[in-house]
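Report on the structure given below.
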Amino acid sequence: MATVIDELTIPDGRIITDAQEVQKFSGDKYTEAIEAVNQPLAVVEAQSTADVQAAVRFANAHRIPVTARAAATSIVNGSAAEKDGLIIDLNQLNKILEINIPNQYAVVQAGVINSDLDNEARKQGYFFSPDPGSKPISSVGGNIATNAGGMSSLKYGTTKQSVIGLKVVLADGTVVETGGKTFKNNAPYDLTDLFVGSEGTLGIIVEATVKLLPVPFGNPVTGLATFANMKQLSVGVQNISGSGLYPSMMEALNKTSIEALDRLEHSDLGQGGAESLLIFQLDVAPAGALDALKKILKSSGALRVNVTDDPDYAKKIIKIRQDYYQAEAAYGRLIVEDVAVPLSKLPDLAEFVENLKFSSNVTAFLGGHAGDGNFHPNFAVSKELDQTPDDVNDAINQIFKYVQSIGGTISAEHGIGDLKEKWVLPQLGQNLVALQKKVKLTFDPNNVLNPDRKL
Ligand SMILES: Cc1cc2nc3c(=O)[nH]c(=O)nc-3n(C[C@H](O)[C@H](O)[C@H](O)COP(=O)(O)OP(=O)(O)OC[C@H]3O[C@@H](n4cnc5c(N)ncnc54)[C@H](O)[C@@H]3O)c2cc1C
């Protein structure tokens, strides 16, 4: 049967309407908490900015919801199809257009994989700092659209700190270029920052100019420390934070996470009653840093402290953190949450989460970017269950409520998508939401860009 989508034409790319092929673009690849899967009307595999413009212009005219989709590693149902919507697949826009070392920036198309850019920059002694756990599989455009964070956000900030200019296709198909090639830019208003983190609701990013940083000098200092509990670990985090050593990573894991890692790696991280683990790194280490860290951690009550500037030993320590998700996923289907609280509230959040009770087919974990106050309460649900059990949904609701009550946020780095949308109003309040809705409608008067997500 002919549908309106048959009238869509694009200059360079491919339009997919075959039901079986289109179906592959229905859901995100990693959202485990997905509730409903929508079959898109069609998928535009964009090869050029002109393709994106033509597709968006058409969708806007026909009031068809449009979802930008890059690597689809969203875990908040952000790049899944909307009902009767059009997917614009940006994976073919994958060219690094310029690496400009004298001016320390790169210009990339939106679909370039983060680590591809990083690897190219490193060949010239520079690096791209955003480092989400999905670095090898997620796109620079997706990182920008979600303002992705990672372990080194502690020192280098979230993706927003790396973006100096954007080329964006607006809802009516117009192209705008924001920012420029300078690190400072006060020409009004700062729309670059507004697009960063907007999750495909204000425009579709087709190109980005991003900062590159020189690779740090010398060997990093890396270490791990165990503590009796999260409260004691937080003392260590506070003391390192205030030391002036500027760590580039401070990652914490709780008791169940340590048990999962010990099970996976046959290690003994939980030895001596350790119920929390801190993994840290200084990517630039001043003379005396190694001993200073040892001292700080001992005086903060650490049970065990290993600090090294040996690159091979450092790799082993970092691998522990990298294996964390795999260790948890061994317990079942993993539902990953993402919240942040003011630094001093970390122990309160840990205690709150650890006091929640679950049935035997659920294991709850807590870990994440302690230096940023950003924790991921994760839940492994037995694979025999085809639905998320009520105790997990209840726990997530309780955690969000609690986090908001202590001045935190229900999304630190993964975004809102459509899984967390109902928590936006209680966090922002009526007046701010009303203003944000006006911003959305200024950019997208017909509400076609990822409608009903984010706000
Ligand atoms: C194993 C794993 C580890 C992860 N670790 C982290 C982590 O440490 N930190 C973190 O922050 N996140 C993490 N994530 C979440 C996810 O990888 C990030 O949100 C990432 O930035 C999404 O990039 P993507 O290319 O996959 O975008 P997609 O998932 O395709 O899209 C994400 C959102 O951005 C929109 N979008 C994508 N591209 C564009 C564009 N060009 N223009 C406008 N809108 C666009 C989509 O519509 C959607 O709303 C992880 C995910 C996985 C699976």
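The values are calculated or read from the model by the stated rules, or taken from the named source; none is laboratory data. It should be emphasised that the depicted structure is a prediction, and the values quoted were computed from it without experimental measurement. Neighbour counts are summed over all protein chains in view; Cβ atoms, including those assigned to glycine, are modelled from backbone coordinates with ideal geometry. SASA here: full protein model, heavy atoms, side chains in, ligands and nucleic acids out. Shrake-Rupley method; radii C 1.70, N 1.55, O 1.52, S 1.80 Å.
The table that follows gives values for the structure above.
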{"quantity": "Degrees, to the nearest 10: 311-322 long Cα axis against longest axis of the chain", "calculated": "60"}
{"quantity": "Listed residue (170, 146, 203) projecting farthest to the positive dipole end of region 96-214, Cβ model", "calculated": "146"}
{"quantity": "Convex hull per residue volume in Å³, alpha carbons only, for region 4-89", "calculated": "84"}
{"quantity": "Percent accessible area from carbon and sulfur atoms, the chain, protein chains only, probe 1.4 Å", "calculated": "50"}
{"quantity": "Whole-number accessible area per residue in Å² for the chain, which is evaluated in the context of all protein chains at 1.4 Å", "calculated": "44"}
{"quantity": "Relative contact order computed over the chain (Cα-Cα under 8 Å; 6+ residues apart), in percent", "calculated": "15"}
{"quantity": "Kirkwood estimate for the chain, i.e. one over the average of 1/r between Cα atoms, Å", "calculated": "23.0"}
{"quantity": "Estimated inter-spin distance, residue 322 and residue 355, nm [label 7 Å along Cα→Cβ]", "calculated": "3.8"}
{"quantity": "Pairwise label distance in nanometres, residue 387 with residue 406, each label 7 Å out on the Cα-Cβ vector", "calculated": "3.2"}
{"quantity": "Difference of contour (0.36 nm per residue) and Cα-Cα distance, residue 330 to residue 284", "calculated": "13.1 nm"}
{"quantity": "Which listed pairs, of 401/438; 83/454; 319/383, have C-alpha distances above 18 Å, in listed order", "calculated": "401/438; 319/383"}
{"quantity": "Helix 255-265 axis, angle to the chain major axis (alpha carbon atoms, nearest 10°)", "calculated": "90"}
{"quantity": "Radius 11 Å from Cβ of residue 154, net charge of other residues (Lys, Arg +1; Asp, Glu -1)", "calculated": "-3"}
{"quantity": "Mean ellipticity per residue at 222 nm, deg cm²/dmol - from DSSP H runs of n ≥ 4 across the chain, formula -39500 (n - 2.57)", "calculated": "-8500 deg cm²/dmol"}
{"quantity": "Potential lengthening between residue 19 and residue 313 on full extension [0.36 nm per residue; Cα-Cα distance subtracted]", "calculated": "100.8 nm"}
{"quantity": "Residue range of the chain that is longest and free of trypsin sites (Lys or Arg not before Pro) which are both DSSP loop and sparsely packed (at most 15 other C-beta within 10 Å)", "calculated": "185-356"}
{"quantity": "Rounded Å value of the spacing that divides the Cα centres of region 121-196 and region 272-335", "calculated": "29"}
{"quantity": "Inter-label distance, nm, simple model (7 Å from Cα along the C-beta direction), residue 191/residue 96", "calculated": "2.9"}
{"quantity": "Normalised contact order of region 221-405, rounded percent, pairs of Cα under 8 Å and 6 or more residues apart", "calculated": "28"}
{"quantity": "Net charge over other residues, Cβ less than 12 angstrom from the Cβ of residue 205 (K, R count +1; D, E count -1)", "calculated": "-2"}
{"quantity": "The chain: angle of helix 430-443 to the longest principal axis, Cα-based, in degrees nearest 10", "calculated": "50"}
{"quantity": "Positive minus negative residues near residue 437 (Lys, Arg vs Asp, Glu; Cβ under 11 Å)", "calculated": "+2"}
